[in-house]
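The values are calculated or read from the model by the stated rules, or taken from the named source; none is laboratory data. Quantities reported herein were computed from a predicted structural model and do not represent experimental measurements. As a convention, Cβ positions derive from the backbone with ideal geometry for all residues, glycine included, and neighbour counts pool all protein chains shown. Note: areas computed on protein heavy atoms with side chains; ligands, DNA, RNA excluded. Shrake-Rupley method; radii C 1.70, N 1.55, O 1.52, S 1.80 Å.
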Amino acid sequence: MGFNPLTERGIPLEKQLRNWSQLNVQPYDTQTVDPYTRCRIITMNGIEVESILNSHQFARHTDNPEVKAKLAFVRRIEQQQQKAVNWLLPGTESTLEVTLGYEQVAIDLTAFLARNEPDPYIKQTLDFGLLEDFDHLYRYANLADLIEGKKADRITRNYTEIMPGRPTVVEHRHPYDDVRCHYDAHTADPLTKLHALTITAAEQQTMNFYMNVGAQYQEPIARALYQEIAMIEEQHVTQYESLLDPMETWFQREVFHHYNECYLYYSFMQTEIDPRIKDLWELHLNQEIEHLRIAGEMLKKFEGMDPAEILPKELPEPTKFEQNKDYVRQVLATQIDLRTVGPTFVPVDQLPEDALFWQYQEAVNSGGFVPSEQVIKDLQEKSGYRIAFMTEGAHPVEAMREK
């Protein structure tokens, strides 16, 4: 029998508060940290932030004092969890080095979810976003070399390849073309719901990170590149959040958030190689079990629904950070030319002449300056090369291979 957080006993809420010394955790060592440990930290930071923001929105949409109070207490603990997780990042890594970690998360998390997604449309949506984040890693890798003289594979090692994906310049779409069809809450596989929540949280955290740190740079090309890619991350949040069924109630969504946190903390416990950080995942899992119990009690009391009616009998197979090179190459080879018309994915050569895509492209890419293209040109002119890190051979798309 697998692990079912609904039947486990967590830490009582009143015993979950930690003092400043406990929260001020020791960051990881940049010289020895495994890239996927960094990825798990970045992911869980985003997951906690999403849960906190959802709780705040829930509180703004209810006038029940009891619900507001319970949300506030659980949310305070989630804030402590977020601080403990995010403070594992050391200040000795530059913003660009952290950014490379964010993009490695986007690639290997999205690829894993897509590989295991049971809904074909959701899988296609994940594949579509995957190729765009893959290109972002390539652009930031070139920026890191250009302005800091640092090689991106020091962060990603040989876990994730670095080469062009769907070019960022063609990722800019009309907002109507970023809205996807949502799953049906009544028939969707629970794993689909967890995947949608996870990818929405991860992309939202990336969007928030870029929209705040980009303006802190002095170098014009860095400011410009962060600005451009931050706009794409907003498109990704729009894309992924539209997968969520809006008919799910606030109480149901609260249950799903805490179940997803249980799922991911449990998942990451299975593969974490740093014993100290693994202990933190276990602590947060035991806290989240209690948060899930409280959310389930509210669902029962105010909607008459047992959380077991909408949740699996046990956690799905763990979500893992692992190498996805073959899968990414396969998607690159077959989907690089996909675009969207509304919620539909179509090859670029099938786009109508009056498609909103062309109008939007003309509006944002006019003027002769596109940061994601310029950063490659600048490094080429300065150093005579562009950054790529390919371990599995030539680029799978012949037209994108270096001459």
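Scanning residues 5 or more positions from residue 339 or on other chains, those with amide H under 5 Å from its amide H are 346, 348, with H placed 1.01 Å from N in the peptide plane. What residue among 243, 379, 285 shows peak mean-square fluctuation when the chain is described by a Gaussian network model with Cα springs under 10 Å? For the chain, modelled as a Gaussian network with Cα springs under 10 Å, the answer is 379.
Calculated mean residue ellipticity at 222 nm for the chain: -20000 deg cm²/dmol, from DSSP H runs with n ≥ 4 weighted as -39500 (n - 2.57), summed, divided by the residue count and rounded to 500. Highest average first, the peptides 208-215, 364-371, 43-50 ordered by how many other beta carbon atoms sit within 10 Å of their residues are 43-50, 208-215, 364-371. Per residue, the stretch 300-365 exposes 58 Å² of accessible surface when a 1.4 Å probe is rolled over the protein heavy atoms with every protein chain present. Pairs exceeding a 32 Å alpha-carbon distance, out of 320/377; 83/377; 83/150: 320/377; 83/377. The fraction of all Cα pairs in the stretch 108-188 landing in successive 5 Å bins from 0 to the largest distance is 3, 13, 18, 20, 17, 12, 8, 6, 2, 1, 0, given as whole percents.
Label reach from residue 176 (point 7 Å along Cα→C-beta): in the stretch 338-354, amide nitrogens under 12 Å belong to 341-343, 354.
On a per residue basis, the stretch 156-236 carries 37 Å² of accessible surface, using protein heavy atoms and a 1.4 Å probe. Split the accessible area of the chain by element, probe 1.4 Å, and carbon with sulfur accounts for 51%.
Phi-derived couplings, Karplus 6.51 cos²θ - 1.76 cosθ + 1.60 at θ = phi - 60°, listed residue by residue for the stretch 373-386: 7, 5, 5, 5, 4, 5, 5, 4, 5, 6, 10, x, 8, 10 Hz, with x used for Gly and Pro. Backbone phi angles across the stretch 73-80, fed through the Karplus curve with coefficients 6.51, -1.76 and 1.60 (θ = phi - 60°), yield HN-Hα couplings of 5, 4, 5, 5, 5, 5, 5, 5 Hz in residue order; Gly and Pro are listed as x.
Between residue 389 and 162, 163, the built amide H atoms are under 5 Å apart, and every one of these is 5 or more places off in sequence or on another chain.
Which of the following values of log10 I(q)/I(0) by the Debye sum over Cα atoms at q = 0.09 Å⁻¹ was calculated from the structure shown: (1) -0.54; (2) -0.48; (3) -0.60? Recomputing log10 I(q)/I(0) by the Debye sum over Cα atoms at q = 0.09 Å⁻¹ here picks out (1). The residues of the stretch 32-81 expose, per residue, 36 Å² of accessible area to a 1.4 Å probe. Once you reduce the stretch 245-316 and the stretch 330-403 to the center of their Cα atoms, the two points are 39 Å from each other. Phi angles of the stretch 83-90 translate, via the Karplus equation with coefficients 6.51, -1.76, 1.60 and θ = phi - 60°, into HN-Hα couplings of 5, 4, 5, 5, 6, 6, 6, x Hz per residue; Gly and Pro are given as x. For the set 87, 20, 250, the ranking by accessible area, highest first and with no ligand, DNA or RNA atoms included, is 20, 87, 250 under a 1.4 Å probe.
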